[in-house]
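Student: Attaching a single structure in structure tokens format; questions to follow.
Quick note: the coordinates plus some simple rules give every number you see, no bench work behind them. Please read these numbers as outputs of a predicted model, since none were measured by experiment. Please note: Cβ atoms are built from the backbone with ideal geometry, for glycine as well, and neighbour counts cover all protein chains shown.
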Amino acid sequence: MSTEPNDLLAANRAWAGATEAREPGFFTRLARQQSPRYMWIGCADSRVPANELVSLLPGELFVHRNVANVVVHSDLNALSTVQFAVEHLKVAHIIVVGHYGCAGVRAAMRDLRVGLADNWLRHVQDVRLRHREQLDALPPERQEDVLCEMNVIEQAGNVARSTVLQDAWARGQKLAVHGWVYGLRDGLLKDLGVTMDGPQAVLEVPAAALRRCACAGAGQEPQ
């Protein structure tokens, strides 16, 4: 394992050389354009390498990451990135991806203090409070996983309700928002069934997905 920055630089030179030898002209082609069809909004956790999980090359996936994959309307960093992806790169899909075992979700679920990030994780705590009755009714070992899923669904809804997405749909741009969750233990992505491709879907899809999520966590069929 690399322990010094110089080891990383050496590894980079080896990777670049091997990549160019395997695909001559790779970096020249990559430098000419960035035309991803997908935007990934995920957690900053180092165990969740976005491109590798879906076998996409650099330039094929536009990525924004933060603690606990949160998207709120006061975060100009996230919204600016979404706007660039939608209006300039013309992505067709925005995917909000959480992961089981998320330290941010665990802190929000257990009221753990972690420092300055407590203020950021307040958004995840708000998700927990909105769905407190459903979460409290679950077995303790399922609560964090279900909160992780609920957080993804809520954040995907925030993306879809943003002015960027609403304006895009109003002008007829084809664009869908999805919510997935990643399993650290098995490397698999799970579709949470929260795909929204227009304003009407924003009103119905997240609520239905949250009901399914709570029922699945309790081992019940959704009503």
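Student: Give me the net charge for the shell around Ala168: Cβ to Cβ below 14 angstrom, other residues only, Lys and Arg +1, Asp and Glu -1.
Tutor: In short, +1.
Student: I'd like to know which of Ala68, Gly172, His99 lies farthest towards the positive end of the charge dipole of the chain, counting +1 on Cβ of Lys and Arg and -1 on Cβ of Asp and Glu.
Tutor: In the chain, that residue is Gly172.
Student: Most exposed first by the Cβ proxy, i.e. fewest other Cβ within 10 Å, how do Tyr38, Tyr100 rank?
Tutor: Tyr100, Tyr38
Student: Can you give the % of DSSP beta bridges in the stretch 34-217 that are antiparallel, to the nearest 5?
Tutor: Antiparallel bridges: around 20 percent, rounded to the nearest 5.
Student: Of the candidates Gly183, Gly193, Gly25, which one comes out as most mobile in a Gaussian network treatment of the chain with C-alpha springs shorter than 10 Å?
Tutor: Gly25
Student: Tell me which residues come under 5 Å, amide H to amide H, from His99 once H is placed; ignore anything under 5 positions away on its chain.
Tutor: Result for His99 returns Tyr182.
Student: For the ranges 55-61, 7-13, what's the packing order if you count other beta-carbon atoms within 10 Å of each residue, average per peptide, and put the highest first?
Tutor: Taking the mean over residues of other Cβ atoms within 10 Å, the ranking is 55-61, 7-13.
Student: Further question on the same structure: Taking the chain as the reference, fit the longest principal axis to its C-alpha atoms, fit the long axis of helix 199-217 to the helix C-alpha atoms, and give the angle between the two in degrees, 0 to 90, nearest 10.
Tutor: 70
Student: Right, another one. Provide the per-residue ³J(HN,Hα) series for the stretch 50-62, in order, calculated from phi with Karplus coefficients 6.51, -1.76, 1.60 and θ = phi - 60°, each as a whole number of Hz, with x at glycine and proline positions.
Tutor: Using θ = phi - 60°, the values come out as 3, 4, 5, 4, 10, 6, 10, 7, x, x, 9, 9, 8 Hz.
Student: Something else: Could you tell me how far the Cα centroid of the stretch 2-40 sits from the Cα centroid of the stretch 105-165, in Å?
Tutor: Result: 35 Å between the Cα centres.
Student: Place a +1 charge on the Cβ of each Lys and Arg in the chain and a -1 charge on the Cβ of each Asp and Glu, then give the dipole magnitude about the Cα centre in debye, rounded to the nearest 20. It would help to have the intermediate numbers written out before the result.
Tutor: On the way: 23 positive and 25 negative charges, 68 e Å.
The calculated dipole for the chain is roughly 320 debye.
Student: From the Cα gyration tensor of the chain, with a ≥ b ≥ c the square roots of its eigenvalues, which class applies: rounded if a/c is under 1.5, or else prolate if a/b is larger than b/c, or else oblate?
Tutor: Oblate shape, in that a/c is at least 1.5 and b/c is the bigger or equal ratio.
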